Structure formats: structure tokens, C-alpha cells
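Written below as C-alpha cells is the structure these notes are about.
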Amino acid sequence: MPTQTERTAPLNRGALGVPELRVPHRRSTVVRPRLRAGVFGLAGLALLGLVWELYKTVGPADGVVLGGVTVLPRTTDLAMPHLAVMFERLFEPVTGAASALPLWQAVLAGSLFTLGIAAVGWLVGVTVGLALALLMQRLRLAESAILPWIILSQTVPLIAIAPLVRRWGAQLQFGEFTWESWMSVALIASYLAFFPVSIGALRGLGSPDANHVDLMRCYAVGWWKILWRLRLPASVGYLLPALRLAAVSAVVGSVVAEVSIGLRGGIGRLIVEYAGAAGGDPGKPWAPIFGSILVGLVAAGFVGLIGLFLRRFRRGEVST
Amino acid sequence: MSTSMTNDVPAVRVQGVTRIFAARKGSGVTALDDVSLTVAPGEFVSLIGPSGCGKSTLLRLVADLDVPTSGSIEVFGKPARQARIDQDYGIAFQQAGLLPWRTVAGNIELPLELHGVGKAARRARAAELIALVGLADFASHYPDQLSGGMQQRVAIARSLAESPSLLLMDEPFGALDEMTRERMQNELVRICAETQAAVVFVTHSIPEAVFLSNRVVVMSPRPGRIRSIVSVGLGEMSGRGEDLREDEGFFHALSQVRELLHGDEAGINPTGVRGVETR
Ligand SMILES: Nc1ncnc2c1ncn2[C@@H]1O[C@H](COP(=O)(O)OP(=O)(O)OP(=O)(O)O)[C@@H](O)[C@H]1O
Ligand SMILES: [Mg+2]
């Protein structure tokens, strides 16, 4: 229909007084803050190291004591080893034994072990958290019945539940399946991880504008379609920070639970073990601490990667 | 979906509709009081009146986004609820309400996708509508890359996606500047002429109502009632163009609607003229 194109043609862009497209800068505005964030992050790390070394050189050997309370730590080589000492220690063997691995390898193995458990805990926690959020979104009644318990659940200290989980787990056994200690650790990690996910997802699922919900009602589609086409996409912006928080919580939960349950092989165990060596070997206890930081970074980075895949759903969100 | 239009079945039939919003204390707000209105197939009817007189409420009732306290609403001879389930109408709100994670084309395809239309058919229909609203170069852009007017045009294209025989529009041009607005009005007139759809159009602008409509429904607030209905009689949709705005009949209808609206302040008893059609 030539007449139609003729009629619509003058309505294109300029004719409508519509402003020029605001696209070209998008890419650079997305990449540049990310780069800047990286630079600032590294600068912050360098500053921390600098403060450490500076205080170690100028601070009094017995620390700063005000009215009998130690405000700042001692600066002896034992209490505050040089950064270089911590670093060099990583490449020396774990013990004096001839067969001993370099320290970094032992820590890396422990990190991977803990990361694996944390990942299982994260997955379970995310699944449970999402399921609870969906249930609460679907049924008003469920929200008022479950939400207070979810919040209350986080006030129970980890140290208190660890032995309980371990004892209950030990009694579980169906056929081939036997409960193992690492499962207790993963369960405790998931106990911490599900919380931010359930709260974040509940807020996210409820976040679509009334306008959008009305529109879906006009289209006369069911709850599942609305969930898939509207509520889930709208909740991505709320879900990603929750997933990141859950990842970090799962790592912390795993490390702490390893200690309280006494599971061997992970970072938590190494932290306890090496702390005993601090007397003669001040660089050694720092290695598993770095290891746990590494695990946390990997976990958070993984969620960042998920966010990258879902960035279409985060349009209009202010870049953070 | 385009239903076979027999002239005796009205597009919309509102009969003695009252909507009272319950309040926590007191008797509640009577948003609509005994409102009756009939819209013929292919007819363009505007609702105009001061803020809070129940225009949006009436539109939401027709769309079955809300139910009347009493009275009945039929759309193409069916209860409003059935008409909604059958997708007999398309709707556009004051805010464009586009999904930010979908492109222009994706947003227009949304109703088709939700109702199981195949991919190829969806693509073709979206392309057609995008050309219709003059956004051919923007099909793969996201809403945040568009101006308000462009977003609104996408919303209108979306409301047309399933070729409804009835369009419900709540101040769709409310947020636009005067120039864009007039162009959009011309565009809407053209679209209506092409699609033969009946339209119920809420607006605050008297010239807009008069320019677009076959009939202008003037409403009064507290409680929301129809004060009067003005037949504009400016001729067929297809014959409407820019020069109509200079027409004498246009100015006559304009002043008529204006007088009715300002009757409020002049102290005209609203119940006296309720339901009267000034032809
Ligand atoms: N969900 C609701 N709950 C309670 N009262 C409502 C609700 N929706 C509308 N009202 C009341 O009904 C009356 C009519 O509202 P409505 O939105 O239909 O007005 P309107 O004519 O569309 O106004 P405007 O031109 O400002 O959009 C108002 O007094 C309003 O306070
Ligand atoms: Mg309104």
C-alpha cells in the first residue's frame, strides 16, 4: 500500500520533533564505570597494604594502649608480619617434612574443597529461597505465615545449629545413601544462603508496576505466564544482589561450619590448624585467610557472571 | 480478535453502573453514580471531565480491571469479563507501560506471544504495526532509548496488535507536548479509519476530544455522572485532516463542550442535565 508509507513517512523521527537517539554513549558509559571501579578497588587494596606497613614501622612495639585497653595492635614481627613475609611463606613447604607440599598448594586445595561445599550450599539455598518466595508471592496467607519464621531463622547462631545438624545427619540413612559430614556443612551454608534470596526474590516478584500487572490481566493470562513474562524478569534487579549476598554467606557459612563440625580438608580447618603455628611461623596463618578471601571473590565473581548474562533485564537500572 | 460486526450489537453498553470505593471509615467514595452509555461499533467516543470524575474508573470497568458495585457492562453483547477473556479489546494507559527488557518489536509482540501466535506471524504483525506508527528504524531499540512520544506510539501499536474491534485509551497523549500530541492525534484518526475499531478515549483536552470524536461525553464529579453528551458530527474518520481544526463545526463543538464543562462553576444543577444528549 503505497499511500500508507507515504502517510507514515513524514512521521519518522525528525518530523515528530523526537530527540536524537540516545544510544551511542551506552557502551562507553557501561564499560567506563566498571573499569574505574576496578582501578579504585586495586587502589584501595594498595592503600590497605600501605597503612599496614606504615603502622608497622612507626607504631610502638607494644601497640597503642589507652587506659589499659589495647586500641591498636602490637607491631612485632609476630603480631604483624611484613606483607612480604606472608607472601614468601606461600611458596615454602607447609611443614618441614620432606614430602610436604608448598603452602599455596595446600591452601588452594582447601579453597577448592570449601568452594565446592559452598557451591552446593548456595544451590540448595537459592532453590529453597526461590521456592519460598514463589509460595509467598502466590499466597498472601503463606507470606504472613512464613515470613516471620524466615527472619527469625537468621537470629539462631550458627554455632548452635552446627552440632544439631551433625547429630541429626548422622542418624540419616536410607539404603545406599549415608549422610556425610560435608553435607552437614553444605546444609549450614544453605541455611545462611536461602535468607537473602527469599527476601530479595519476594521483593522482586512484587516489584512490577500496577500498570504492568493490569496489562497482564487485560491479556487474561494465568499466574505462571505472568510469573515467567513479567515477575521473574522484573525481579532480576533485586535477585542479583541477593544471589551475591547468598554466595558470600555460603562461603562464610561453610568456613565456620567446617570449624564447628570439625570437617577436614577445607579452609576452615586450615585456619584453625595454622593458627596454632603462629608462634614460630607468623606468615603461615595468613595463607588460609587469603584462601578464604579468594573463595569469596570467586563466588561473588560467579554471580557477577550470571548478572552479565541477565543484563538485558537490568535496563533502566542505575549502574552500580 | 476482529469479530463480525453486526450493527445492532453495540461495542460497549454500560447500563446504570455505580462504583463505590469502600473507605475504612465513612460511606466511601462514589466514583460513578448510575452511569449509562452506549458506544456503537466503529464509533469514537471521548470521556472528558474534571479530575476525579471517574473517567479512568469507567474505562477500567469496561476493561474488567474492576467490577461495578451495581449495574451491568456488556462488550459486544458479552459480559465485560468474557470480553476480556476473549481479547475483544486493546488497551493503552496514560503511562506507556512498556516492558523495559523488551525491544520495541518485542513489546508489540507481547500480547501475540502470550496468546500463542507463531513466531513468523508475530514478526510480520509487529513489523506491520511498527510501520503504522512510524517507528520502522527503531524496531530493535529498547524503551529507555526512546522519547516519551515514541514509547507512547509503541504502546498504541501494542494495543492494536490483535486487531481489536474496541480500543480503550486512558489519556494516552497526556504526557506529550502540544506538537507531538497533534501529530499523534492525526495518526490515531488515520489508524481508526484503517482499522474500523470503536474507541473509548479518556482525555483532559477539549480540542483533542472534539477533534477525535464522534461523540464527547462530558462528566461531572462527586459523584461521577454523565452531565451531557455532545455529538460532534465532523464527518467520517477517513475524511479528517489537519484542516478540520480550522473548521467552523469544530469551533462550535469546542465551545459547546467548554460551556458544559464550566457549567460546574456557573452553578448549573448537574442532575438537571444528566443523560441529556445535546444534538
Ligand atoms: N482504587 C481506588 N480506591 C479508592 N478510591 C478510588 C480508587 N480509584 C479511584 N478512586 C476514586 O474514584 C474517583 C474517580 O477516580 P478516577 O481515577 O476514575 O478519576 P479520573 O476521572 O480518571 O481522574 P483523572 O482525570 O485525574 O485521571 C476519585 O475520587 C478517586 O479518589
Ligand atoms: Mg484518570
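The values are calculated or read from the model by the stated rules, or taken from the named source; none is laboratory data. Please read these numbers as outputs of a predicted model, since none were measured by experiment. Positions of Cβ are backbone-derived with ideal geometry, glycine not excepted, and every protein chain shown enters the neighbour counts. Just the protein is used for accessible areas: all its heavy atoms, side chains included, with ligands, DNA and RNA removed. Shrake-Rupley method; radii C 1.70, N 1.55, O 1.52, S 1.80 Å.
Just name the residue that is surrounded by the fewest Cβ atoms within 10 Å (Cβ to Cβ) out of those in segment A:220-233 that are assigned to a helix (DSSP H, G or I) and at the interface with another protein chain (Cβ under 8 Å from one of its Cβ atoms). Checked segment A:220-233; the qualifying residue surrounded by the fewest Cβ atoms within 10 Å (Cβ to Cβ) is A:225. Are any of the residues in segment A:114-129 surrounded by 21 or more Cβ atoms within 10 Å (Cβ to Cβ) and within 24 Å of residue A:213 (Cα to Cα)? Scanning segment A:114-129 turns up at least one residue that is surrounded by 21 or more Cβ atoms within 10 Å (Cβ to Cβ) and within 24 Å of residue A:213 (Cα to Cα).
Taken over segment A:211-228, residues that are over 21 Å from residue B:167 (Cβ atoms) and of a type in the set (A, V, I, L, M, F, W, C) amount to 5. Applying the criterion of being outside any loop (DSSP other than H, G, I, E, B) and within 16 Å of ligand 2 (Cβ to nearest atom) to the residues of segment B:214-224, the residue that is modelled with the lowest pLDDT is B:220. Out of all the residues in segment B:80-94, is one or more over 18 Å from the mean Cα position of the chain (by Cα), touching a residue at least 40 places away in the same chain (Cβ under 8 Å) and within 15 Å of ligand 1 (Cβ to nearest atom)? Checking segment B:80-94: not a single residue is over 18 Å from the mean Cα position of the chain (by Cα), touching a residue at least 40 places away in the same chain (Cβ under 8 Å) and within 15 Å of ligand 1 (Cβ to nearest atom).
Of the residues B:182, B:187, B:171, B:162, the single one that is among the charged types (D, E, K, R), within 16 Å of ligand 2 (Cβ to nearest atom) and either in contact (Cβ under 8 Å) with a residue 12 or more places away in the chain or crowded, with 17+ Cβ neighbours inside 10 Å (or both) is B:171.
For segment B:215-232, how many residues meet the condition of being under 12 Å from residue B:36 (Cα atoms) and not small (Gly, Ala, Ser)?
Residues in segment B:215-232 being under 12 Å from residue B:36 (Cα atoms) and not small (Gly, Ala, Ser): 6 in total.
Considering segment B:167-213 alone, what residues qualify as being part of a loop (DSSP other than H, G, I, E, B) and over 30 Å from residue B:69 (Cβ atoms)? Full working, then the answer.
Just the residues of segment B:167-213 that are part of a loop (DSSP other than H, G, I, E, B), to begin with: B:171-177, B:196-197, B:203-205, B:213.
The answer is B:173, B:175, B:176, B:177, B:196.
Check off (1) among the basic types (Lys, Arg); (2) in a strand (DSSP E or B); (3) away from ligand 2 (no atom under 16 Å from the Cβ) for residue B:19 and give me the number that stays unchecked. Only one criterion in (1) among the basic types (Lys, Arg); (2) in a strand (DSSP E or B); (3) away from ligand 2 (no atom under 16 Å from the Cβ) is unmet by residue B:19, namely (3). The set of residues in segment A:169-208 being of a type in the set (Val, Ile, Thr) and within 28 Å of residue A:303 (Cβ to Cβ) consists of A:185, A:188, A:197, A:199.
Restricting segment B:201-227 to residues that are within 13 Å of ligand 1 (Cβ to nearest atom) and of a type in the set (Ser, Thr, Tyr) leaves a set whose member that is most open to solvent (accessible area, probe 1.4 Å) is B:205.
Across segment A:265-317, which residue is most open to solvent (accessible area, probe 1.4 Å) among those that are outside any helix (DSSP H, G or I) and away from chain B (no Cβ under 14 Å)? Even if it seems obvious, please write down each step before you answer.
Going through segment A:265-317, the residues outside any helix (DSSP H, G or I) turn out to be A:265-266, A:280-285, A:310, A:315-317.
After this cut, where a residue has to be away from chain B (no Cβ under 14 Å) as well, the list is A:265-266, A:280-285.
Numbers: A:265: 43, A:266: 0, A:280: 79, A:281: 40, A:282: 29, A:283: 2, A:284: 19, A:285: 24 Å².
Residue satisfying both the conditions and the ranking: A:280.
Residues of segment A:201-219 that are assigned to a helix (DSSP H, G or I) and within 7 Å of chain B (Cβ to nearest Cβ): A:211, A:212, A:214, A:215, A:217, A:218.
Filter segment B:117-147 for residues that are in a loop (DSSP other than H, G, I, E, B) and at the interface with chain A (Cβ under 10 Å from one of its Cβ atoms); which is nearest to residue A:315 (Cα to Cα)?
Filtering segment B:117-147 for residues in a loop (DSSP other than H, G, I, E, B) gives B:117-118, B:133-135, B:139-142, B:146-147.
Then drop every residue that is not at the interface with chain A (Cβ under 10 Å from one of its Cβ atoms), which leaves B:133-135, B:141-142, B:146-147.
Details: B:133: 24, B:134: 24, B:135: 21, B:141: 12, B:142: 8, B:146: 13, B:147: 15 Å.
Only one residue fits best here, namely B:142.
When restricted to residues that are within 7 Å of chain A (Cβ to nearest Cβ) and either in a loop (DSSP other than H, G, I, E, B) or at pLDDT below 90 (or both), segment B:100-113 contains 2. Of all residues in segment A:113-146, those that are of a type in the set (Gly, Ala, Ser), touching a helix residue (DSSP H, G or I) at 6+ places or on another chain (Cβ under 8 Å) and at pLDDT below 90 total 1. The set of residues in segment A:258-315 that are among the hydroxyl-bearing types (Ser, Thr, Tyr) and under 17 Å from the mean Cα position of the chain (by Cα) contains only A:292. The set of residues from segment B:38-75 being outside any loop (DSSP other than H, G, I, E, B), within 14 Å of another protein chain (Cβ to nearest Cβ) and either open to solvent by 10 Å² or more (accessible area, probe 1.4 Å) or within 16 Å of ligand 2 (Cβ to nearest atom) (or both) comprises B:56, B:57, B:59, B:60, B:61, B:62.
With respect to (1) part of a helix (DSSP H, G or I); (2) buried (at least 19 other Cβ atoms within 10 Å of the Cβ), the lone exception for residue B:82 is condition (2).
Scanning segment B:170-196 for residues that are touching a helix residue (DSSP H, G or I) at 6+ places or on another chain (Cβ under 6 Å), within 11 Å of chain A (Cβ to nearest Cβ) and closer than 21 Å to residue B:56 by Cβ yields B:170, B:176. Hey, among B:152, B:196, which residue is away from ligand 1 (no atom under 16 Å from the Cβ) and either at pLDDT below 85 or surrounded by fewer than 19 Cβ atoms within 10 Å (Cβ to Cβ) (or both)? Criteria check complete, one pass: B:196.
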